[in-house]
Every structure is written in C-alpha cells, then in structure tokens.
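The values are calculated or read from the model by the stated rules, or taken from the named source; none is laboratory data. Because the structure is a prediction, the values reported are computed rather than measured. Using ideal geometry, Cβ is built from the backbone for each residue, glycine included, and neighbour counts are taken over all protein chains shown. For accessibility, only protein heavy atoms count, side chains too; no ligands or nucleic acids. Shrake-Rupley method; radii C 1.70, N 1.55, O 1.52, S 1.80 Å.
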Amino acid sequence: MARRLNSEIKVLPNGDWIFREAKIEQKDILEYFRKNLKEAEDGIYIDNQYGEFSENGYLELFGYPLNLIRIWEKDNEFYFLSDSGEELPLSSLQIAADYEGELFARKKDHTYLKYKLARNVSSVLSEYLSESAHGLKLVFPNREISILETNENPKVSLPKEFQNL
C-alpha cells in the first residue's frame, strides 16, 4: 500500500506550481508531476513509484493543474493534447463552465481533476458554441454536446489528515 503524505505542493490560480513558497520551473519535473496526477475520493495526489516503494503526495489546488493545449479532428472526433502528454478524445470528457463562465474539462469518471482549456483550444471550440434557452452546447454536424454551467472552481483541499499541521 502506498504511503500517503502532504507533498507541500500547491497549484496557484494562475497555474503556477509552488513547492514550499518556490515556483517549480523545471519542465521535466512538472511533466512528471502532471503525468502522475491521480484522483482519490479525498483529493488529488502525485503517484510516485520507485522500485517496491510507492507514495501518494497530495496537493492543494487553487488553480487548474492540467491544461488542454492542442485540439485536432480525426475520424469525426475531436482530440485534445494535455500538458501531461495525454491524448484525450472529446467523447471521454465532460466540458463545463466554471464559476467565472470559463470552460474547463474533466474526464467523465473524475470529480476533482480538471483541465483548463488553453486559449487556442477555446478559440477552436468557440466556433461550435451555441447558446439557447436550454443553455450552452457544442453543436457539430453529427451531434450536440451540452455544456454544464456550474459554480465549480478548480480548488481542491488537502485531505483532512494533512490540514492544520
């Protein structure tokens, strides 16, 4: 079983990753963290595996930890590239509007782990955005996808065991 700990990492509203008040700027480290982000029922953690040892380092989120940075169409499906290196089909995602009306995405089976849409991705999707009395939707030639309008934000607290330490 993996050891649980407070990673002491925070993601700020502007997307910066901070460890003990210092900005993490090394691209390879950020890439590793993003690739290994996981969701649990009590928060978001970085899954570290080395040899037989494993640990789950929990983060505190004030901003989106992941970004969808590219979009393309293939075989009548839109795909997104995240800054974690994942290629995600639109059909695997739920697109929603947050408390500020900004679009974000999350995998359909996730609650906390959310992706901010980069400006170029939002620009492409805006071509398909439609507003009606029933709310926002993405309208494509072969289907429509409703966009949830939520009061959600990207904030995720540390699990209770790590709070107020």
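Quick notes on this one:
- Charge dipole magnitude, Cβ of K and R +1, D and E -1 - the stretch 78-165, Cα centre, debye nearest 20: 140 debye
- Entry for Cα extents along the principal axes in Å (calculated from the structure that is shown) out of (i) 60, 29, 17; (ii) 50, 31, 29; (iii) 69, 35, 30: (ii)
- Reach of Lys137 by Cα under 16 Å, taken over lysines that are not fewer than 8 positions away in the same chain: none
- Per residue, the accessible area of the stretch 1-121 comes to 56 Å² when a 1.4 Å probe rolls over the protein heavy atoms.
- Cα-centred dipole magnitude for the chain, charges only on beta-carbon of K, R (+1) and D, E (-1), debye, nearest 20: 100 debye
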